[in-house]
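J.: Pasting in a structure now, in structure tokens, and then I'll have a few things to ask.
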Amino acid sequence: MHSFLDAESPFSVPIGPPLGTPLLFRSDHIGDMAHTQPVIKVLTHPTGAHELGQAQVQLRCLRAEWGKHFSAWRHEWPFPVVGRVNYTPLPLTQAQRYTTGKLAGVDAATDLTPHLRAGVGADNVVALQRSSSAAPTAPPATYVLFAQLVVVKSEAVVVAEVQRRSAVTLHALVAEHGAAGSRPPTVLDVCAAGVRRFLAGGGVAIDRLALNLRCPLSLQRIRVPVKGVACPHVQCFDLRMYLAYARKTGRYECPVCNGRRHALPAALRVCPYFAEALRRFPDEDEVEVHSDASIHRVVAPAA
Ligand SMILES: [Zn+2]
């Protein structure tokens, strides 16, 4: 049962086993006369503010992938399907689909909380029905449907987690480099050394590197500069903009690596070197890094 405690996304924390018995069903049986439609009973639970964010009763639906460990099963709604709670429509958090039925985004769990009857312990009937508006296009599959109490983490909590991990990483880096030298290096010294290695590495030495102080996602000035812990580049993006984008789209790809590298919130680190560039050049949109890791205002070439 423990696998039900796997979070759907880095922004959610299941806080207990499913509320009631999970239901296994096949998508091609929905709406056919020989089978009953997928129905589960859900009792109204206390929800609301939690130390990590907001507690909700979520309706989750995992697509079975036989041969893979249960924890690898991902949230997906059968298609085409509509939800109902107590016989009234429940808008499911469904991603757009291509005409082939293939997902164009990421399906997500649906918050049942506002649809449940008032009063803790009240009975609710949650059902999935075939939508008559579209012909089935997704291949038949087996799904597991269940309701669960889940905390959706607030932005402040996720930001604080990233900042805490960043402090731990930097502390370890400074300790590692401090052991070799006589004068203990500052965080900025260690980061600048990393930048110099980046500029000298890769076989081709770079003597000028442009840094964009605007976030590649929002094009607004970066406030908290982060990148993935495995990202090789100096360029950062804005922590809050990235988290908002990832929460909305379910995509966790570094916007600087052009999606080639994953950047889950747990892998994000604040960059003190980039923060220094932002601090020193409050009015610039772009600055230039020289091979010694010094940061300069961009000088327009003489005409
Ligand atoms: Zn990257």
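J.: Regarding the range 156-297, what are the three Cα extents along the principal axes, ordered largest first, in Å?
T.: Taking max minus min along each principal axis of the Cα atoms, the range 156-297 gives 46, 31, 30 Å.
J.: Using a simple charge model, +1 on the beta-carbon of Lys and Arg, -1 on the beta-carbon of Asp and Glu, nothing else, what dipole does the chain show about its Cα centre, in debye to the nearest 20?
T.: Using Cβ point charges on Lys, Arg, Asp and Glu, the chain gives about 160 debye.
J.: Over the range 2-153, give the accessible area per residue in Å² for a 1.4 Å probe, as an integer.
T.: 51 Å²
J.: Let me ask something additional. May I ask you to derive the relative contact order of the range 156-297, considering only C-alpha pairs under 8 Å and at least 6 residues apart, and to give it as an integer percent?
T.: 29 percent
J.: Can I ask one more? Express in % the proportion of alpha carbon pairs of the range 26-83 at distances exceeding 18 Å.
T.: Across the range 26-83, Cα pairs with separations above 18 Å total 56 percent.
J.: At q = 0.24 Å⁻¹, what log₁₀ I(q)/I(0) does a Debye calculation on the Cα points of the range 178-248 give, no solvent, two decimals?
T.: For the requested q values the scattering log ratios are -1.11.
J.: Continuing with the same structure: Please calculate how many Å² of accessible area the range 159-219 carries per residue, with a 1.4 Å probe and no DNA, RNA or ligand atoms counted.
T.: Heavy-atom accessible area per residue stands at 61 Å².
J.: Need one value: the accessible area of Lys227 in square angstrom, 1.4 angstrom probe, rounded to the nearest 10.
T.: 40 Å²
J.: Sorted by accessible area (1.4 Å probe), largest first, how do Ser291, Ser12 line up?
T.: From most accessible down to least: Ser291, Ser12.
J.: What net charge is computed for the residues neighbouring Thr36, neighbours being all others with C-beta under 13 Å from the C-beta of Thr36, Lys and Arg scored +1, Asp and Glu -1?
T.: Local net charge: +1.
J.: Relative to the Cα centre, what is the charge dipole magnitude of the range 2-153, using +1 at the beta carbon of each Lys and Arg, -1 at the beta carbon of each Asp and Glu, and rounding to the nearest 20 debye?
T.: 200 debye
J.: Tell me, rounded to the nearest percent, the portion of alpha carbon pairs in the chain spaced more than 27 Å apart.
T.: 54 percent
J.: Would you tally the net charge around Asp292, using a Cβ to Cβ cut-off of less than 14 Å, leaving Asp292 out, and scoring K and R as +1, D and E as -1?
T.: Net charge in that neighbourhood comes out at 0.
J.: Hey, another quick one. Excluding residues fewer than 8 places away in the same chain, name every one of the aspartates and glutamates whose C-alpha is closer than 17 Å to that of Lys153.
T.: Asp6, Glu8, Glu51, Asp111, Glu161
J.: For the peptides 120-128, 203-211, what is the packing order when you average, over each peptide's residues, the other Cβ atoms within 10 Å and list the highest mean first?
T.: Descending mean neighbour count gives 120-128, 203-211.
J.: Consider just the alpha-carbon atoms of the range 99-187 and return their Rg together with their Dmax, both in angstrom.
T.: Rg then Dmax for the range 99-187, in Å: 24.6, 74.
J.: I'd like the carbon and sulfur percentage of the solvent accessible area for the chain, probe radius 1.4 Å, heavy atoms only, ligands and nucleic acids excluded.
T.: Ligands and nucleic acids excluded, carbon and sulfur reach 57 percent.
J.: Can you quote the Å³ per residue value for the convex hull of the Cα atoms in the range 139-216, rounded to an integer?
T.: Dividing the Cα hull volume of the range 139-216 by its residues yields 283 Å³.
J.: While we're on this one: Could you tell me the calculated FRET efficiency between Lys248 and Ala205, based on Cβ-Cβ distance and R0 = 51 angstrom, to the nearest 0.05?
T.: 0.80
J.: Here's a follow-up. Roughly what % of Cα-Cα distances in the range 2-153 sit above 24 Å, to the whole percent?
T.: Tail of the P(r) past 24 Å holds 30 percent of the pairs.
J.: Then there's this: Around Leu90, which amide H atoms from residues at least 5 apart in sequence, or from another chain, sit under 5 Å from its own amide H, with H modelled in the peptide plane?
T.: Counting only residues 5 or more places away or on other chains, the set is Gly83, Arg84, Val85.
The values are calculated or read from the model by the stated rules, or taken from the named source; none is laboratory data. Note that the structure is predicted; figures quoted are calculated from it, not measured. Virtual Cβ from ideal backbone geometry, glycine too; neighbours counted across all protein chains shown. All accessible areas refer to the heavy atoms of the entire protein, side chains included, with ligands and DNA or RNA removed. Shrake-Rupley method; radii C 1.70, N 1.55, O 1.52, S 1.80 Å.
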